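Read-outs throughout are calculated quantities, based only on the coordinates presented, and are distinct from any laboratory measurement. Worth saying up front: this structure is predicted, and the values here are computed from it rather than measured. Cβ placement follows ideal geometry from the backbone for every residue including glycine, while neighbour counts extend to all protein chains displayed.
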Amino acid sequence: MTELTKRKCQPCEKGTPPLSSDRIQQYLAQVSGWELVEGKLLRKQLKLKDFMSAVQLINRIAEAAEADDHHPDIHLTGYRRLTIELATHAIGGLSDNDFILAAKLDALLSP
C-alpha cells in the first residue's frame, strides 16, 4: 500500500494548476498499470473473467470514488473489457486526487 492510499481527495477549484510533468512521473511510479494519456489523463485497462465480474468491479470502483468524491470515467465494452480514466476536469489536467484514487483502485484490484 502506498502513502497515496492513506490520503483523502481534496476539492480542486478552477484556476488550480495541474500537476507538473515531474510530479506526474513521481506519482506514476507509485501506481500500477496506469498509462499517461496526452499528459493530462490516467487510463487503466482491464480484462475481467466475465460480464458480472466487470459489473461487480464497477460497483466497487463507484463506492471508492464516491467515498473520496472524485469520480472516474468508466467504460465497459466487449462485455468484460473495463477502462478506467481519471482526470480533474475542473483544472484541465491531473491533480493529486487522480493519483490518490488510482492508488485506492489499485488496492481494490489486489488479491
As an exercise, use a Förster radius of 30 Å and the Cβ-Cβ distance of residue 10 and residue 46 to find the FRET efficiency, rounded to the nearest 0.05. 0.65
Cα-Cα pairs above 21 Å in the stretch 35-111: how many percent? 24 percent
Report the net charge of residues surrounding residue 96, where surrounding means a beta-carbon distance below 13 angstrom and charges are Lys +1, Arg +1, Asp -1, Glu -1. +2
Hydropathy first: keep DSSP H helices in the chain averaging at least -0.5 on Kyte-Doolittle, then drop any whose Cα extent along the axis falls short of 15 Å, and list what survives. 51-68, 96-109
Output the relative contact order of the stretch 53-111, whole-number percent, from Cα pairs under 8 angstrom with separation of 6+ residues. 30 percent
Let me spell out the model: positive unit charges on the Cβ of Lys and Arg, negative unit charges on the Cβ of Asp and Glu, origin at the Cα centre of the stretch 35-111. What dipole size does that give, in debye rounded to 20? 440 debye
Label-point separation (nm) for residue 85 and residue 53, each offset 7 Å from Cα along Cα-to-Cβ? 2.5 nm
Using a cut-off of 22 Å between alpha-carbon atoms, which lysines can reach residue 14, once sequence neighbours fewer than 8 places away in the same chain are excluded? 40
Given contacts defined as C-alpha pairs under 8 Å and at least six residues apart, what's the relative contact order of the chain, whole-number percent? 40 percent
Residue 3 to residue 37: FRET efficiency via 1/(1 + (r/R0)^6), r the Cβ-Cβ distance, R0 25 Å, to the nearest 0.05? 0.55
